[in-house]
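The values are calculated or read from the model by the stated rules, or taken from the named source; none is laboratory data. Note that the structure is a prediction, hence the values are computed from the model and not measured. Positions of Cβ are backbone-derived with ideal geometry, glycine not excepted, and every protein chain shown enters the neighbour counts. With ligands, DNA and RNA removed, areas are computed over all heavy atoms of the protein, side chains included. Shrake-Rupley method; radii C 1.70, N 1.55, O 1.52, S 1.80 Å.
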Amino acid sequence: MTLLPDLSTLAWAALAVSAVLVGFSKTALPGINTLAVAIFAAVLPAKPSTGALLLLLIVGDMFALWTYRKHAHWPTLIRMLPAVLVGLALGAAFLAFAGDSLVRRVIGVMLLMLMALTLWQRHRDAAPRDGDAAPPAPASRAVAAGYGSLGGFTTMVANAGGPVMSMYFLAARFPKHAFLGTAAWFFAVMNLLKVPVSVGLGLITTQTVVLDALLVPGVVLGAFAGRWAITRIRQRVFDTAVIVVTVLGALYLLV
């Protein structure tokens, strides 16, 4: 086995763009990394692409923690943790015995349903807000468990937990910095937990590590671009952008 996959120049360029998207998603626009999932799956074999992207996501997580570590809403994270661990275990079991075509379509349908529910709830309940003045709205344990288990499952199976958790944080009306800080801690922990499972399933190999080493500068570039952009994005624009990229992610998973 060679240390690098035999890829065309266009394929390498696509992976480089994906790396930038990963970094930008971690510091500015959660959910947009689903586009990176799509590109990686198109360029590399499906399951190995999951392991390759995971390592880049962890690099992005480090930048997200550096930027937003003080903004996390810890009661939300603690409330969701047991359900997330259950979701991760179910996702790992699924990966061991099944392909990912059907499950991606099922996840896509779930995301669109969650989107519809979230938009209805926001229209019914809360007044518009901007900035970071308003605290996150509390969620019931049942709601937290539902989103947490689905988030754990989707992040294990397809690195697609971003749209699920975006919908949860959006439904709870998190201000953008609390949104990003809570997401930073959530995915940093989840992605690290996935590493030994991915190694055991053969999704992360020496070839994967060498490939990612070449793509890390793109993640760094995207992360710094996101840090610059987030201070210039108004809350309403941020919410709308999250909704748009989540819908695109769900549609990708369906097709």
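Within segment 99-115, can one find any residue that is in a helix (DSSP H, G or I), modelled with pLDDT of 85 or more and over 17 Å from the mean Cα position of the chain (by Cα)? No - not one qualifying residue is present in segment 99-115.
If the condition is being in contact with an Asp or Glu (Cβ under 9 Å, 6 or more places away or on another chain), open to solvent by less than 20 Å² (accessible area, probe 1.4 Å) and modelled with pLDDT of 90 or more, then segment 160-189 contributes A184, A188. When the residues of segment 10-36 are filtered to those that are open to solvent by less than 10 Å² (accessible area, probe 1.4 Å) and aliphatic (A, V, I, L, M), the one that is nearest to I58 (Cα to Cα) is V22. Among residues of segment 234-255 that are aromatic (F, W, Y), those with a beta-carbon under 6 Å from a residue that is modelled with pLDDT of 75 or more at least six positions away or on a different chain give the pairs F238/K176; Y252/A38. Looking only at residues in segment 207-255 that are touching a Leu at 6+ places or on another chain (Cβ under 8 Å) and hydroxyl-bearing (S, T, Y), which one is most open to solvent (accessible area, probe 1.4 Å)? Residue satisfying both the conditions and the ranking: Y252. Restricting attention to segment 203-233, the residues being touching a Gly at 6+ places or on another chain (Cβ under 9 Å) and more than 17 Å from F40 (Cα to Cα) number 6.
Checking each residue in segment 197-247 for being of a type in the set (A, V, I, L, M) and under 15 Å from N159 (Cβ atoms) picks out V197, L201, L203, I204, L215, V219, V245. Pairing each residue of segment 43-61 that is among the acidic types (D, E) with any residue that is open to solvent by 30 Å² or more (accessible area, probe 1.4 Å), provided the two are 6+ apart or on different chains, yields no C-beta distance under 6 Å.
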